[in-house]
Every structure is written in C-alpha cells, then in structure tokens.
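Working notes for the structure below.
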Amino acid sequence: MIFVYYFAAALLIFLSYKSLRGGIDYLNYFKRELAKPPSQFTPFATVIAPCKGLDEGLAENLKALLDQDYPAYEVIFVVDEENDPAVAVIEAVSHENSKLVIADKAINSSQKVENLREAVIHAEPRSDVFVFVDSDARPSPNWLRSLTAPLAEESVGASTGYRWFISKTPSLASELRSSWNASIASALGANPASNFCWGGSMAIRRAIFGELNIRGQWAGTLSDDFAVTRAMKAAGKKISFVPQALTPSIENCSIGELFEFTNRQMKITRVYAPKLWVLSFVGSGLFNLVMSASLIILFLFPLSTLPWAAAMITLVSVTVLSVAKAWLRLAAVKLVMPGHSAHLDRQMLSQLTLWAFTPAMFFFNSAAALASRSIKWRGTRYEMVSPRETRPIGRR
C-alpha cells in the first residue's frame, strides 16, 4: 500500500509543478497582452446585459457599461418582467445609446438564455459585434475595446474574459469563493484550443453568430457559454482570452450562497462538459487523498523512515508550488485591475492559504453534481435533462 502512496504523491507533485508552470505562462501572457497598443478595430457593437433582481452595486455595474471608451455602441438591458426591481435602476442610469427589452418567461431553457435569445433580435442593423455581459460584473473603461480587438482576426470565433470575485467586507465564505473561482480563471490563457467562453464577458462577430446559428443552438439550453464554446470548437473557430476583459464581481456571499454557487457550476459542468467534470472529480480526489495520507503518515511513522520523509517532501513541495502559483495568478490579475489594487492586496493572505481547502470543495461539488441535475439560479429552479433540454420547475 505504501508504494501506491509513493506513486500518487509523485503524481501530485508533478501536477503541482505543471500548475506552477501554467502560472508563469499566465503572468507572462498578461504582460504580453498589456504591452500591445490599443486596438483600432472598433466596429459598432451591441452590448447585451441580462438583468434580474438587485445585484450588489448594480447601478455602478450598469454605469460602467455605459461609460466605455469606445466610439459607437449600444447597450441592451433585458429582463423577463416589467416589475423586476432591476428596471428602476436601468431606467435611472440609461441614456440615448441604451434600451430596455422585456423577454418572455422561459419554458424549456434558462431565463438568461431566453433573455439573450430575445435581446439579439433587437440589435441595431448596423451592429457588427455582439457582446454579452453579466449584470454583476463591473468592467473597466477599456473593457469593450479590448474584448472586441481579437475579432479582427477572422479565425477567431469568440473572445472572452472571466470573473474575479472581490468582497467589500471580506468573510471566510467570500474569500473561499474567490479562491475557488480563481483556479478556473487561470485555466484560460494563450492557447485558444484550451480556452472556453464565459458568458459574463464574451464577444462574437454578428456574422459568425448567424453562421453558427448560436441563437438556435441556445434553444433548450441552460448554459449560454458552454453552448457557444461547443459551437466554436465544432466549427474550428479560435476562442481568444482577453486579460483586460477579466471583470471584477464586487459582492459578498454567505456560506449558503457559496455552496449554491459552486455546486451549480459543477452541476452545469457535469451536463455540458462531462470530461471536465470527471477531471475535476479525480484531480480533487487525488489531492485530498494524498495530502490527508501525508499528514497521517507524519504522525504514524517514525521520523527517520522513508515513508515519513516522503510525506514531508510531498507536503512541503505541494505547498510551495501551490503558494507560488496563487501568487503568480494574483500578480497577473493586479496588472489588469489597477483600480482595485487595494482590494486585491487585501486578498493576498486568503489567496495564498485557501487554495488548500478548495480541492475539498471541488470534490464535494463534483459529488453533488453526481447526485442531482437540479440547480437554483436567480430565484428559479431548473432540471437539466440534457445539454439540449432544460426544465424550469419552480420560480420565486
């Protein structure tokens, strides 16, 4: 049995080393992208922001969309009912280049997808680019220019950013969510073949949107971004990750909200990307088993034995490599979020420590995804029957 431990420990150290190399590449990619001059590719764009309820800081988030350093664009806010609390905020911040659209209630898809399917119909005819953003994101002034820039290359089907959670008043739940999410954020990078689309900060040329029938591919789905990712890869289109489109989500969360969010992400992953879900299940399981076994060995075996030495080497190696990866990731994020440097500095301790607990969360989330395909999202419960069939089963 001890030889099984040696093999598993060596594998975990190797994977931790590979992760560190990925962190170095991540930081270098950010530096290269930031060194490029501002893009002059600025076609008329339609920014679509589905809204539901009152996100924390909603007014500031929506104002950020309307104050982009971009020559000509429109913003379409879309809700599913006229009396949604978000409507009053939308009306308060709106001006001449924005409009409000009311979508029908979803029947066989998520409400967000139904909102997006309705909103694209209302885009101005002259619009060449569709841009999608979540209402809890607060993009920087150059977000839109940066996100559309890769679309100048015809082989690029979509460009994407990702979220980074920041809490105004840090709590264990909020910082755990940020650390959990950070590991996914750093999976994006220079390699378009391994990138994926994130619907909270994503741009697609209108012509490609129509060519790939994205609106039709959304029918019956819960996840807009997984559907787009699948369509792009099937068509052989590149997905470009834009560091400047990494957007802060500034909000706090409770322990209940933490697990509702993380379980939902992994349940969606199991339905739409089962291989990725299996990798998460196996990878987090390996980490938890090896690190737990290492601690047990330190207590059970004498100091001078080979098992004790192997356990100590494993714990120290994985810790050093993982802390270094977390530091590199945070250093990269600080480059593209200078306006939030104080918040990011405050996250240093949590990012350099809570990585040790997120694998246990990923394992729990993966197990929860095995047990159920039901999720709660923005007050509605959905049953994901398949990637093409979603059933809303309860609304608040």
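The values are calculated or read from the model by the stated rules, or taken from the named source; none is laboratory data. Small disclaimer: the values here were computed from a predicted structure and weren't measured. Accessible surface areas use protein heavy atoms only, side chains included; no ligands, DNA or RNA. Shrake-Rupley method; radii C 1.70, N 1.55, O 1.52, S 1.80 Å.
In terms of solvent-accessible area of protein heavy atoms at a 1.4 angstrom probe, what is the ranking of Lys105, Lys31, Lys267, highest value first?
Lys31, Lys105, Lys267
Among (1) 21.2, 70; (2) 21.7, 66; (3) 21.7, 75, find the value of Rg and Dmax of the Cα atoms in Å that was calculated from the structure presented, and write down its label.
(3)
Return the sequence-ordered ³J(HN,Hα) values of region 156-161 in whole Hz as given by the Karplus equation 6.51 cos²θ - 1.76 cosθ + 1.60 applied to θ = phi - 60°, using x for Gly and Pro.
Computed from phi, the couplings for region 156-161 are 8, x, 8, 10, 8, x Hz.
How large, in Å, is region 261-391 by the Kirkwood hydrodynamic radius built from its alpha-carbon pairs?
For region 261-391, inverting the mean 1/r across all distinct Cα pairs yields 17.4 Å.
Among rounded, prolate and oblate, which fits region 3-89 when a ≥ b ≥ c are the square roots of the eigenvalues of its C-alpha gyration tensor, a/c under 1.5 means rounded, and a/b larger than b/c means prolate?
Oblate is the answer for region 3-89, as a/c is 1.5 or above yet b/c matches or exceeds a/b.
State the dimensionless ratio Rg/Rh of region 170-301 (Rg: radius of gyration of Cα atoms; Rh: Kirkwood radius).
Numbers: Rg = 18.1 Å, Rh = 17.3 Å.
Radius of gyration relative to Kirkwood radius: 1.05.
So if I restrict to the alpha-carbon atoms in region 218-274, what is the Rg, and what is Dmax, the biggest pairwise distance, in Å?
Over region 218-274's Cα set, Rg and Dmax evaluate to 14.4, 41 Å.
With every protein chain kept in the model, how would you rank Val242, Val385 by accessible area, 1.4 Å probe, largest at the top? Kindly include the intermediate steps, with their values, before the conclusion.
Numbers: Val242 5, Val385 50 Å².
Per-residue accessible area, sorted high to low, gives Val385, Val242.
Note down the relative contact order for region 285-396 as a percent, whole number, built from C-alpha pairs under 8 angstrom at least six residues apart.
17 percent
How large is Rg over Rh for region 159-214, taking Rg from the Cα atoms and Rh as the Kirkwood inverse mean of 1/r across Cα pairs?
1.12
Only helices at least 24 Å long along their axis, Cα-based, and averaging 1.6 or more on Kyte-Doolittle count here, so list those DSSP H runs from the chain.
Going by DSSP H runs, the hits are 274-300.
Which values of log₁₀ I(q)/I(0), to two decimal places, follow from the Debye formula for region 274-329 at q = 0.13, 0.14, 0.15 Å⁻¹ with a uniform point scatterer at every Cα?
-0.43, -0.49, -0.55
So for Phe7, Phe357, what's the accessible-area order with a 1.4 Å probe, most first?
Phe7, Phe357
Would you tell me the accessible area of Thr221, worked out with a 1.4 angstrom probe on the heavy atoms of the protein chains, in Å² to the nearest 10?
Roll a 1.4 Å probe over it and Thr221 shows about 0 Å².
Would you mind classifying region 285-360 by shape? Square roots of the alpha carbon gyration tensor eigenvalues, ordered a ≥ b ≥ c; an a/c under 1.5 is rounded, otherwise it is prolate if a/b is larger than b/c and oblate if not. Present the calculation step by step, with values, prior to reporting the outcome.
Numbers: a/c = 3.65, a/b = 2.99, b/c = 1.22.
It comes out prolate by the Cα gyration axes.
Any chance you could list the semi-axes, whole Å, largest first, of the equivalent ellipsoid that the Cα gyration tensor gives for region 95-241, using √(5λ)?
Semi-axes (√(5λ), whole Å): 24, 20, 17.
Name the residues whose placed amide hydrogens come within less than 5 Å of the amide hydrogen of Val101, ignoring near sequence neighbours (fewer than 5 apart) on the same chain.
The answer is Phe77, Val78, Val79.
For region 181-243, count the residues as N, evaluate 2.2 N^0.38 Å, and divide the Cα radius of gyration by that value, please. Each step should come with its number before you reach the end.
Values: Rg = 11.7 Å, N = 63, 2.2 N^0.38 = 10.6 Å.
After normalising by residue count via 2.2 N^0.38 Å, the value is 1.10.
Beyond 19 Å, what share of the Cα-Cα pairs of region 104-156 remains, rounded to the nearest whole percent?
Percent of Cα pairs beyond 19 Å in region 104-156: 47.
For region 82-123, rounded, prolate or oblate, judged on the Cα gyration tensor with a ≥ b ≥ c (square roots of eigenvalues), a/c < 1.5 rounded, else prolate if a/b > b/c?
Cα axes put region 82-123 in the oblate bin.
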